[in-house]
């Protein structure tokens, strides 16, 4: 079902049995394939393909030239940069059908995927993780983690507002934009004080 408050450019192709939420904008030359579900207030840039079974939460931003293949699941507030690449089979061969072996790729709330990053299938990217431009992600990523390179490796920690966190000796870091506080303990980061509280 296409919500009456969604906007779809005339050049986009939307197959039957797609769900598109209120306030979502679908731009030039996009293709939504039957069975995909897109939440409210999303934005799909030019030349985005969304396959059957793909689920996008609310306020997901997908920039130009991204193909989201079957198995990709995005929670709310995910940002996917231009020309990012997703896969759904680990060992593709043209002559071998592997449709029964598609693996899920899960992007938790607030994740950012940088431009030209490649996300191999079967991984989970934790909430508010930040994948640097051009990174090649081959394994799960911890919440709030910054990963860069090929293969992607941990390079630091990020706040929910997208700022690098600098931890004091007591394990506390403060986001310079929001004022929210984060705790680093046992190799993980958790938000402990919300600036809105």
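The values are calculated or read from the model by the stated rules, or taken from the named source; none is laboratory data. These figures come from a predicted structure and were not determined experimentally. So basically every Cβ, Gly included, is an ideal-geometry build from the backbone, and we count neighbours across all protein chains shown.
Per-structure values
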| item | result |
| --- | --- |
| Filter result (more than 23 Å from residue 131 (Cβ to Cβ) and touching a strand residue (DSSP E or B) at 6+ places or on another chain (Cβ under 7 Å)) within the range 152-182 | 171, 172, 174, 181 |
| Criterion: in the same structural domain as residue 150 (by TED's automatic domain parsing), touching a strand residue (DSSP E or B) at 6+ places or on another chain (Cβ under 6 Å) and closer than 15 Å to residue 141 by Cβ - qualifying residue of 26, 119 | 119 |
| Total residues in the range 29-39, condition touching a strand residue (DSSP E or B) at 6+ places or on another chain (Cβ under 7 Å), surrounded by fewer than 23 Cβ atoms within 10 Å (Cβ to Cβ) and closer than 22 Å to residue 100 by Cα | 2 |
| Residues located in the range 40-56, provided they are closer than 22 Å to residue 4 by Cβ and touching a strand residue (DSSP E or B) at 6+ places or on another chain (Cβ under 6 Å) | 42, 43, 44, 48, 50, 55, 56 |
